[in-house]
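The values are calculated or read from the model by the stated rules, or taken from the named source; none is laboratory data. Everything numeric here is computed off the predicted structure, so don't read it as measured data. Virtual Cβ from ideal backbone geometry, glycine too; neighbours counted across all protein chains shown. These area figures cover heavy atoms from the full protein model, side chains too; ligands, DNA and RNA do not enter into them. Shrake-Rupley method; radii C 1.70, N 1.55, O 1.52, S 1.80 Å.
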Amino acid sequence: MRCAGLDIGSRTVKIAVLEGGEPVLTRKALTSHDPLNAARQIMSGIGYDAIVATGYGRHLVKGHLNCP
């Protein structure tokens, strides 16, 4: 199972994908003026079975990116 964690902070957006408890991919980008778009860009092309969002922007993506 591939699990992803998305952290949307005030300055950066980060994602990490784990498979079998081991990291297989990480990305980081500036949040800029549009955190939702930054999250979409950083998630582009990444496959995962489950995702969770954290950080100050977690509520923003919940309704748009299906992140609990």
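Taking the DSSP beta bridges in the chain as the whole, what percent of them are antiparallel, to the nearest 5? So the antiparallel bridges amount to about 75 percent of the total. Scalar couplings 3J(HN,Hα) for the stretch 9-14, obtained by applying the Karplus form with A = 6.51, B = -1.76, C = 1.60 to θ = phi - 60°, are x, 6, 10, 9, 10, 10 Hz; x denotes Gly and Pro. Between SER32 and CYS3, the simple spin-label model (points 7 angstrom out along Cα→Cβ) gives 3.1 nm. The fraction of accessible area contributed by carbon and sulfur in the chain is 53 percent, rounded to a whole number (1.4 Å probe; ligands and nucleic acids excluded). Here the Karplus relation 6.51 cos²θ - 1.76 cosθ + 1.60, evaluated at θ = phi - 60°, turns the backbone of the stretch 16-25 into coupling constants of 9, 10, 10, 9, x, x, 10, x, 10, 6 Hz, with x for every Gly and Pro.
Solvent exposure of the chain amounts to 62 Å² per residue of accessible area, where only protein heavy atoms count and the probe is 1.4 Å.
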